[in-house]
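Written below as structure tokens is the structure these notes are about.
The values are calculated or read from the model by the stated rules, or taken from the named source; none is laboratory data. Computed from a predicted model, the values in this text were never measured in an experiment. Cβ atoms come from the backbone with ideal geometry, glycine included; neighbour counts cover every protein chain shown. Surface accessibility is based on the protein's heavy atoms, side chains included, excluding ligands, DNA and RNA. Shrake-Rupley method; radii C 1.70, N 1.55, O 1.52, S 1.80 Å.
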2 protein chains.
Amino acid sequence: MTLRKPQLLHSFFSLITLTLVLTQSHLKAENPPNIVIIFCDDLGYGDLGVYGHPTIQTPNLDCMAAEGMKFTQFYSANAVCSASRASLLTGRYPPRHGTLGVYFHHHQTGLNPDEITLAEGLKAEGYSTACIGKWHLGHKEEFLPLAQGFDSYLGVPYSNDMAVDPGMSFAKDAIFSEDWSLEKVRSYDLKKNKPPRNLVPLLQGNEVIEFPTDQSLLTKKYTEAALSFISENKDSPFFLYLAQTMPHIPLFASEDFLGKSLRGIYGDTIEEIDWSVGVILDHLKKLKLTDNTLVFFTSDNGPWLSVKLKGGSQGLLRGGKFTTWEGGHRVPAIAWWPGKIEPTVTSEMASTIDLFTTGLSLAGANSPSDRTIDGLDISPLLFGKGPSPRKEFSFYKTNNLQAYRKGGWKIHFKVQKETGGRPGERLETPLLFNLHADPSEQYDQASVHPELVSELSKSLDN
Amino acid sequence: MTLRKPQLLHSFFSLITLTLVLTQSHLKAENPPNIVIIFCDDLGYGDLGVYGHPTIQTPNLDCMAAEGMKFTQFYSANAVCSASRASLLTGRYPPRHGTLGVYFHHHQTGLNPDEITLAEGLKAEGYSTACIGKWHLGHKEEFLPLAQGFDSYLGVPYSNDMAVDPGMSFAKDAIFSEDWSLEKVRSYDLKKNKPPRNLVPLLQGNEVIEFPTDQSLLTKKYTEAALSFISENKDSPFFLYLAQTMPHIPLFASEDFLGKSLRGIYGDTIEEIDWSVGVILDHLKKLKLTDNTLVFFTSDNGPWLSVKLKGGSQGLLRGGKFTTWEGGHRVPAIAWWPGKIEPTVTSEMASTIDLFTTGLSLAGANSPSDRTIDGLDISPLLFGKGPSPRKEFSFYKTNNLQAYRKGGWKIHFKVQKETGGRPGERLETPLLFNLHADPSEQYDQASVHPELVSELSKSLDN
């Protein structure tokens with residue numbers, strides 16, 4: 001598989017393509033459901049009460065899990081932010097859409113506008129679409145949410161530890177006011193050789209409405225915006241992509257949560273997200289939307305272990321963010337749709353890329369036919385009609401397949417330190433783990449099952 | 001604190017002491033509740049669904065936790081079998097009752113009969129008492145359950161990987177039949193220098209009723225016996241101490257569960273225990289006993305890590321069985337009493353030693369006044385009336401205080417390898433962890449908080 005570089009295509013062309021691709025053969029769903037995806041940033045597999053954390057209290061998520069489907073083998077498509085988000089929205093592995101890693105503040109590019117996002121797909125079905133929260137798929141106007149299928153956007157355009165791009169023309173007037181002059185921002189960059197942390201803009205649509213934004217209020221603001229969007233669209237199908245900025249560093253929580261968690265500020269941010277989830281589910285109940293709304297909660301990748309207590313926990317898994325160990329990819333995931341999804345714990349495999357295909361399927365649309373879509377429709381699993389169609393998963397670092405899972409078996413062709421860093425050389429003998437029996441990837445079975453090593457190694461040729 | 005060696009006192013004397021000690025000042029409870037303690041063997045903190053295990057399915061325990069109180073900071077009093085069990089039953093730390101480690105099959109001693117067990121205490125209050133399952137507090141008649149306050153006993157007298165003691169006079173006739181001659185058993189011992197594994201007797205009262213017992217049927221047999229005991233005593237207060245043999249190695253599950261868990265045989269055994277819990281709770285419901293029965297589920301110590309996949313998982317904690325790392329002592333714990341215990345997740349601290357004091361308190365009895373009891377009455381915590389009285393916990397290996405916790409802080413004076421083994425020398429600078437923020441004991445804070453090191457080191461002088 002080769003890397004396709006993002007191309008800057010005019011959005012008009014994108015729209016034509018999209019219309020051609022999506023309107024061929026689908027059956028319009030009679031009562032297409034609302035779809036809400038709540039996507040956390042760097043939340044680890046072990047960071048919620050219902051996934052075993054002892055001191056982070058998440059009563060609303062615990063309840064959501066008890067009422068819905070709790071996944072125990074759910075994979076984010078990538079172990080870093082931008083690539084993970086691009087895959088969620090396109091249903092494709094990173095080498096296909098070309099967003100292979102992280103977009104930094106000095107990058108002038110973003111998610112290839114030629115990609116078809118879930119928002120574009122659902123919009124074509126008549127959905128109202130909103131992106132609230134962290135975008136991180138390009139901060140220039142042609143890559144921002146409004147250019148990628150979302151009717152509205154409120155949020156921080158990239159990671160909250162990033163700097164302002166002095167070349168970010170659309171934002172210049174707002175950002176480089178007298179208080180935060182271009183010189184001042186540049187002086188941070190040059191003298192300290194690092195971006196001015198915590199100084200990120202809040203965008204509404206393509207406009208900066210606050211700079212620097214008060215990060216301690218982000219979770220609250222996102223939540224309020226989510227409630228408003230839901231209220232305004234209660235009579236039409238809607239797609240809400242709520243991408244929390246937390247618990248990515250630097251960590252901030254509002255006054256109501258700051259200092260409240262035994263876990264410290266990291267726990268405060270998650271407990272505030274838990275509050276937010278509770279408020280949103282309550283709002284759906286109040287508006288009597290629960291019988292036609294799928295809410296899916298998950299995370300973009302595992303915890304950032306090298307920042308120590310400012311990062312999260314991978315629970316019993318091995319490794320964290322940046323890595324193709326389980327702890328980098330496997331994340332908490334809860335699907336909630338009372339009456340439609342039965343209370344279940346499932347150890348069936350699924351991934352963020354499947355949310356694209358499943359979302360379109362629920363809306364009665366087919367997936368695009370002019371490109372390879374890696375996502376699968378997991379609605380049979382969600383609705384108790386059968387197992388997950390996902391039987392394999394590919395773990396990429398940039399455009400390299402570092403590891404591959406089939407059934408319960410995972411093979412590693414290259415490994416990294418548990419905390420990240422560059423991959424080592426290709427292993428002469430790959431590592432082989434039985435993830436069902438050994439979720440912590442402790443006991444290499446390569447020498448016991450050479451036939452499996454051979455079979456799974458074929459994934460490198462695909 | 002000094003070690004008191006077990007003394008063999010006549011049980012008659014014990015009874016007199018008990019009567020004197022317990023009848024001084026207690027108020028008889030009007031409607032004393034039934035108490036059921038389900039105690040697993042080597043079940044790790046991360047081994048249940050509700051504590052984050054991805055492939056061991058425990059729907060009944062998940063439900064029990066959702067309906068009851070799930071503890072996230074609950075400590076077994078010791079990291080090995082016999083000491084842990086002695087502490088549970090006496091409410092005292094090991095150096096006080098003198099059962100400091102594990103009784104092996106060649107040991108001729110057991111829990112000091114002069115100790116007052118929870119069974120004795122409740123019996124004095126008119127409870128019917130049964131011990132079902134693993135005893136492991138001495139396999140000679142004077143130490144067996146019938147001599148320690150239990151009206152009846154069905155189970156294996158020690159660990160299921162132990163050998164038959166050729167000197168076990170009371171069992172000799174039954175065990176050393178022509179099939180399992182003394183010579184044959186001895187030949188295992190001498191030639192292989194290890195006991196004949198899996199060849200353990202099943203006792204009813206003090207009599208061997210099956211040898212070797214079919215271990216694959218133990219969970220079922222224990223469960224059936226538990227149901228019978230509950231049925232027979234439904235009109236009077238009862239205390240059932242159900243100490244599962246599993247998931248201690250060697251691992252066995254019945255036909256219904258064997259090969260069913262994705263986790264392998266280790267998971268099979270836990271899924272069978274989960275079944276057992278479900279059946280027992282259902283039975284209590286059927287008999288309409290739930291409004292007056294406390295069921296407490298927990299484990300004797302953390303997982304046996306050195307046996308690899310035959311042992312369990314400590315989840316996000318550090319270390320396992322045999323150690324004073326969190327993974328050795330912190331165990332799953334669920335309290336269930338519908339209508340009386342609200343659905344809660346608590347990160348308040350509590351321990352198996354508190355079950356003694358709490359059990360007596362619920363029965364309207366005072367704890368013994370002639371000796372130091374380390375257990376505390378956690379009923380205010382259980383019933384939502386206040387925090388746990390437990391603010392500190394002492395981690396012993398034999399009679400050495402290896403670590404000590406106060407509030408969120410834990411100090412280690414000596415450490416072991418995560419998998420066990422002998423403790424090292426006393427550390428020149430102890431290790432200090434903030435367990436609330438750092439449950440995985442990763443980030444030593446001793447140099448940051450020397451004042452806490454000084455304060456917590458005083459525990460060594462007590």
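In the context of the full set of protein chains, segment A:33-390 has a per residue accessible area of 29 Å² (1.4 Å probe).
Chains A and B together bury some 2400 Å² of accessible area, summed over both sides, with a 1.4 Å probe.
Which value in Å is the Kirkwood Rh of the protein assembly as shown over different Cα pairs?
29.4 Å
Taking 8 Å as the Cα distance limit and 6 or more residues as the minimum spacing, I'd like the relative contact order of chain A as a percentage. So the answer I get is 24 percent. In segment A:247-294, the residues whose accessible area drops by at least 20 square angstrom when the other protein chains are added to the isolated chain are A:L262, A:R263; the probe is 1.4 Å and only protein heavy atoms count.
Backbone geometry of segment A:363-372 corresponds, through the Karplus equation with coefficients 6.51, -1.76 and 1.60 at θ = phi - 60°, to 3J(HN,Hα) couplings of 7, x, 9, 7, 6, x, 9, 9, 7, 7 Hz, x marking Gly and Pro. Between B:L217 and B:S457, the contour length at 0.36 nm per residue exceeds the alpha carbon distance by 81.6 nm.
Annotation for A:G364, label-to-label distances across the other copies: 6.8 nm (shortest first, one decimal, point 7 Å from Cα along Cα→Cβ).
Legend: distances between Cα atoms for A:K70/A:K321; B:K308/B:K417; A:K220/A:K310; pairs beyond 18 Å are A:K70/A:K321; A:K220/A:K310. Restricting segment A:46-144 to chymotrypsin sites (Phe, Trp or Tyr not before Pro) that sit in a DSSP loop and have at most 12 other Cβ atoms within 10 Å of their own Cβ leaves nothing.
With its label point defined 7 Å out from Cα along the Cα-to-Cβ axis, A:S459 lies at 4.5 nm from the matching points of the other copies, in increasing order. Of the beta bridges in the protein assembly as shown, as assigned by DSSP with both residues counted there, near 50 percent are antiparallel. In a simple Cβ point-charge model (Lys, Arg +1; Asp, Glu -1; nothing else charged), segment B:33-390 has a dipole of about 840 debye relative to its Cα centre.
Long hydrophobic helices in chain A: the complete DSSP H runs spanning 24 Å or more by Cα along their own axis with mean Kyte-Doolittle hydropathy of at least 0.0 are A:265-286. Of the residues making up segment A:313-360, those losing 30 Å² or more of accessible area when the isolated chain is joined by the remaining protein chains, with a 1.4 Å probe, are A:L316, A:V345, A:S347. Sorting the segments A:39-47, A:401-409 by their mean number of nearby beta carbons within 10 angstrom, highest to lowest, gives A:39-47, A:401-409. Computing FRET efficiency as 1/(1 + (r/R0)^6) for B:F383 and A:E342, where r is the C-beta to C-beta distance and R0 is 30 Å, gives about 0.40. In chain A, the beta carbon lying closest to the axis that superposes A onto B belongs to the residue given here with its whole-angstrom distance, A:G52, 1.
Peptide A:51-61: average number of partner chain Cβ atoms within 10 Å per residue? Please list the in-between numbers first.
Working: counts 8, 15, 8, 17, 9, 4, 4, 1, 3, 0, 0.
Counting other chains' Cβ atoms within 10 Å and averaging over A:51-61 gives 6.
Around the Cα centre of the protein assembly as shown, unit charges on the Cβ atoms of Lys, Arg, Asp and Glu (plus for the first two, minus for the last two) sum to a dipole of about 1580 debye. Residues whose amide H falls under 5 Å from that of A:T324, counting only those 5 or more places apart or on a different chain, are A:Q416, with hydrogens built in the peptide plane. Residue separation of A:E210 and A:F104 scaled by 0.36 nm, minus their Cα-Cα distance, works out to 36.1 nm of gained length. For segment A:214-271, what ratio Rg/Rh do Cα atoms give with a Kirkwood hydrodynamic radius? We get a ratio of 1.08 for segment A:214-271. Coupling constants for segment B:109-120 follow from the phi torsions by the Karplus curve (6.51 cos²θ - 1.76 cosθ + 1.60, θ = phi - 60°), and in residue order they are 10, x, 4, 3, x, 6, 5, 9, 8, 4, 4, 5 Hz; glycine and proline get x.
Residues whose amide H lies under 5 Å from that of B:A403, counting only those 5 or more places away or on a different chain, are B:F395, B:F413; hydrogens are built 1.01 Å from N in the peptide plane. When Lys and Arg each count +1 and Asp and Glu each count -1, what net charge do the other residues less than 15 Å away from B:E425, Cβ to Cβ, add up to? Cβ neighbours under 15 Å give a net charge of +4. Each copy carries a label point for B:H107 at 7 Å from Cα along the beta-carbon vector; from one copy to the others these points are 6.1 nm apart, nearest first.
Converting phi to 3J(HN,Hα) with the Karplus coefficients 6.51, -1.76 and 1.60 and the offset θ = phi - 60°, segment B:95-103 yields x, 7, 8, x, 8, 9, x, 10, 7 Hz in sequence order, with x at every glycine or proline. Distance distribution P(r), chain A, all Cα-Cα pairs, bin width 10 angstrom from 0: 4, 22, 33, 28, 12, 2, 0 percent. Residue by residue along A:430-442, Cβ atoms of other protein chains within 10 Å of the local Cβ number 4 on average. Which percent of the accessible area of chain A is formed by carbon and sulfur heavy atoms (probe 1.4 angstrom)? Summing carbon and sulfur atoms, their accessible area is 52 percent of the total for chain A.
Per residue, the convex hull spanned by the Cα atoms of segment B:395-461 amounts to 89 cubic angstrom.
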